[in-house]
Amino acid sequence: MNFRLTTSTALAALALAAGPALADMESAKAFLDSEIGDLSTLSRADQEAEMQWFVDAAKPMAGMEIKVVSETIDTHSYESKVLAPAFTAITGIKITHDLIGEGDVVEKLQTQMQSGENIYDAYINDSDLIGTHWRYQQARNLTDWMAGEGADVTNPNLDLQDFIGLSFTTGPDGKVYQLPDQQFANLYWFRYDWFNDDKNKADFKAKYGYDLGVPVNWSAYEDIAEFFTGRDLSHLGVEGEVFGNMDYGKKDPSLGWRYTDAWMSMAGMGDKGEPNGLPVDEWGIRVNDNSQPVGSCVARGGATNGPAAVYAVTKAIEWLQKYSPPAAQGMTFSEAGPIPAQGNVAQQMFWYTAFTAATVKPDLPVMNEDGTPKWRMAPSPHGVYWSEGTKIGYQDAGSWTLMKSTPVDRAKAAWLYAQFITSKTVDVKKSHVGLTFIRESTIQHDSFTERADKLGGLVEFYRSPARVQWSPTGTNVPDYPKLAQLWWQNIGDAMSGAKTPQEALDSLCADQEKVLSRLERAGVQGEFGPKLNDEMDPEHWLSQPGSPKAKLANEDEEPVTVAYDELIKSWQ
């Protein structure tokens, strides 16, 4: 199988000649021959039927020039470089698919919301904005769009129920606001070969009194981090200093994602509930029975500055300083991502599966000669405040969003492109390139059964029922662009030592409540906008069941590990 990112010579030539004159089935057949082959859940006849639908639906829009945007990851690079030119060749609609930073995508979207100016005809933006889109009603809800204005350009073979992340893009009103385009989870990453080495196992058991394995809780993770940091692994051919943890700490927007992307819920800060805790979510924001945000600080029933959140930030800083490469403290998300693949890191609790494609390249020190990885991924361990039923991790769901400020004809053309690059015809091939699954049918495709042993547990995870416990930011967050920027600024103060974790989180929750208060006064989000609780003695809330949770007398629980191979069996 060929999972290349770059397009074939035939497709490149097709793209160069693309234009309305080539918008026909010959172009589609050339694309299927050169790029898709048998990497599709559809037969060749059904692929051609789906492509014929795109050819016919696009005829009224041939010659239009459309601009869309997404963040820069492998999946979107493939879409921009390969699928966009192919779509242009097949339909005659010229697509410019811009790739920019995730923070820049949010900024452009926010500017379009505030100004009403049509900056992009469609956005692939995280479903983390579902609470924003549902409350502001500035994004077209796709349920009504597909039944109304967009009915004539909605693929009859779209099969919405095949999308595994649809619950993430559905508002409390039951309407779908975004169409998933790519998904990846944050999981635990570890050196399977080091953990199975007899000397390492014996030495660990002698020192800590239990078996070296996948850590179930943070106490075990900490022991393993301590054990491997500075350890001599020359008997395994490892040169250079070894570290037991990898993370990042630079005061940068990506530092905020590292925390809003469910670090607090992994510690156990939020309430129980799927896909997000209710009434208190993984940001520590509390909502009432009407889905109105009522507070972030403990004094209003929130948990952003509660004991579990302080514990979460304290542990992250401690492990970053004690067990990580010194340079990690000055790194961003994108800079830190490739480090484990360089071969000197034992484990990483907060590792995005979006890095899988870059971590399975054959010449890396973390790969075996037979193409299998020396590493594996597993569920992240949870903190001492966590209990069964509480969210355990984050799943990114970059999803297509059509703003109401985009003219109907342009939205229709962009919607065609969105459906093309998420279609059953192309999704298996796209998933092999980027490894960011969105369709159940793709995950179950035979080609991924064949490739599973080369991907370190990714296929097993996405085929398991466990995947539903990993979810994006939920609907408690009423304005993601405004609130997200508060996180990295405040937590950055804790990371740098300018403030204690408690001081930084007190400041963060107060800043969040200022935004919630402004939204409440402005009334721009209608009956579902914020309605802040009166402040009370924090003990009132801490003494009640659920979140916010009172400080535990002992935050060091009994460490627990599990054998990776037994864990995989439980998934199956």
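Throughout, read-outs are computed from the coordinates displayed, never taken from laboratory work. Not measured: the values here are computed from a predicted model. Glycine also receives a Cβ, built like all others from the backbone with ideal geometry; neighbour counts cover every protein chain displayed.
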- line: In the chain the DSSP beta bridges are antiparallel at a rate, in percent to nearest 5, of 70
statement: Evaluated at 37 °C and 0.692 mPa s, the Stokes-Einstein D of segment 118-165 based on the Kirkwood radius over Cα pairs, in µm²/s, stands at 261
statement: Cα-Cα longer than 28 Å, checked against Lys81/Lys412; Lys322/Lys551; Lys67/Lys250, kept in input order, equals Lys67/Lys250
message: I want the local charge near Thr475. Using Cβ-Cβ distances under 11 Å, sum +1 for each Lys or Arg and -1 for each Asp or Glu among the other residues.
response: -2
query: Quick one, what does Rg over Rh come out to for segment 83-154 if you take C-alpha atoms and the Kirkwood Rh?
result: 0.99
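In square nanometres and to one decimal, what's the mean projected area of the convex hull around the Cα atoms of segment 152-202?
Approximately 6.6 nm², given one-decimal rounding.
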task: Have a look at Met403, Gln342, Trp375 and report the one farthest towards the positive end of the charge dipole of the chain, computed about the Cα centre with Cβ charges (Lys/Arg +1, Asp/Glu -1).
output: Met403
- prompt: Per-residue ellipticity at 222 nm for the chain, helices alone: DSSP H runs ≥ 4 residues times -39500 (n - 2.57), over residue total, nearest 500 deg cm²/dmol?
  reply: -11000 deg cm²/dmol
query: Can you tell which of Tyr385, Ile421, Ser447 lies farthest toward the positive end of the dipole of segment 342-493, using +1 and -1 charges on the Cβ of basic and acidic side chains (Lys, Arg; Asp, Glu)?
result: Ile421
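Per residue, what volume in Å³ does the Cα convex hull of segment 301-359 take up?
On the way: hull volume 6.4 nm³, N = 59.
In segment 301-359, the Cα convex hull volume per residue is 108 Å³.
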message: Taking just the alpha-carbon atoms of the chain, what radius of gyration and Dmax come out, in angstrom?
response: 24.0, 73
Label zone at Tyr210 (point 7 Å along Cα-to-Cβ), backbone N below 13 Å, segment 519-559: 556-559
- prompt: Dividing the alpha-carbon Rg of segment 492-572 by 2.2 N^0.38 Å yields what?
  reply: 1.70
query: So for the pair Ser570, Thr449, with labels modelled 7 Å out along Cα→Cβ, what separation do we get in nm?
result: 2.6
- line: Total charge of the residues flanking Phe333 in space, meaning their Cβ is under 13 Å from its Cβ, with Lys and Arg +1 and Asp and Glu -1, is -4
message: Charges at C-beta only: +1 for Lys and Arg, -1 for Asp and Glu. How large is the resulting dipole of the chain about its Cα centre, in Debye rounded to 20?
response: 520
query: In units of 2.2 N^0.38 Å, what is the alpha-carbon radius of gyration of segment 238-313?
result: 1.35
- prompt: For segment 161-178 and segment 514-572, what is the separation of their Cα centres, given in Å?
  reply: 23
field: Proxy reagent accessibility, fewest Cβ within 10 Å first, across Arg467, Arg286, Arg258
entry: Arg467, Arg258, Arg286
- request: Under 12 Å Cα to Cα from Lys549, which aspartates and glutamates show up? Leave out anything in the same chain fewer than 8 places away.
  value: Asp271, Glu539
message: Can you find, among Ile285, Gly523, Phe163, the residue sitting farthest towards the positive end of the charge dipole of the chain, where Lys and Arg contribute +1 and Asp and Glu -1 at Cβ?
response: Gly523
message: With the alpha-carbon atoms as the only input, what is the per residue convex hull volume for segment 296-417 in Å³?
response: 220
- request: Report, ordered by chain and residue number, the aspartates and glutamates lying within cross-link reach of Lys29, taken as a straight Cα distance under 20 Å and ignoring same-chain residues fewer than 8 apart.
  value: Asp38, Asp46, Glu48, Glu50, Asp56, Glu79, Asp427
message: For segment 374-470, what does the convex hull of the Cα positions come to per residue, in cubic angstrom?
response: 137
